[in-house]
Amino acid sequence: MLKNIKNTKGFTLIELMIVVAIVGILAAIAIPNFLAYQAKSKQSEARVNLGAIFTSQSAFFSEENVYSDNFKAIGWQPIGTAKQVYSYGLGASAGACVAAGSVACSLWANPAALAITTCDAPGSLEAATATIFNATARGNIDSDTSTDCVHINQAKVFTNLPNDVSAN
């Protein structure tokens with residue numbers, strides 16, 4: 001009977017514990033990297049949408065010879081599901097819109113995300129004129145206390161201040 005016990009095949013408790021420890025170490029390394037890549041992909045989505053706003057503004061400018069502070073006028077709206085992370089704004093209100101229902105907030109394409117803090121672009125955000133426009137994407141992409149703000153202007157210059165990914 002003792003001979004049958006020695007011939008049974010399987011893993012010892014030590015072997016299983018070593019495997020669990022290795023899997024735990026790999027998960028501890030992989031999960032933060034995955035979350036960082038996921039946050040960067042959300043930032044990329046904001047940059048793509050801001051690029052589309054730039055294109056819409058450029059088309060509007062070529063027809064009207066002025067930039068607009070109104071998404072409907074330029075024919076842009078965000079594409080995607082209702083679970084959008086970013087809200088988008090135009091002009092001077094893009095950095096300062098905080099009160100849901102105000103005139104400035106009516107420019108935001110995703111008013112549900114307005115509860116987060118405001119964004120301030122480098123310098124001052126100016127209202128759209130014949131030569132200037134500003135657009136901002138604002139969101140909290142990793143559910144912490146910092147906010148991600150991505151800006152674009154009429155020269156198609158992107159700024160990302162504050163950057164929620166590098167704030168971690």
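Structure notes:
- Between Asn33 and Gln77, the contour length at 0.36 nm per residue exceeds the Cα-Cα span by 12.7 nm.
- Taking amide H as placed 1.01 Å from N in the peptide plane, the amide H of Val85 sits under 5 Å from none that are at least 5 places away or on another chain.
- Here the calculated FRET efficiency for Ile22 and Ser44, from their Cβ-Cβ distance with R0 = 35 Å, stands at 0.60, rounded to the nearest 0.05.
- Between Ala59 and Leu161, the C-beta separation translates, for a Förster distance of 35 Å, into a calculated FRET efficiency of about 0.80.
- Where Leu13, Leu50, Leu35 fall by accessible area, highest first, once all protein chains stay in place (1.4 Å): Leu13, Leu35, Leu50
The values are calculated or read from the model by the stated rules, or taken from the named source; none is laboratory data. All values reported here derive from a predicted model rather than from experimental measurement. Heads up, the Cβs are rebuilt from the backbone with ideal geometry, glycines too, and the neighbour counts pull from every protein chain shown. Areas reflect the complete protein model, heavy atoms only, side chains present, ligands, DNA and RNA absent. Shrake-Rupley method; radii C 1.70, N 1.55, O 1.52, S 1.80 Å.
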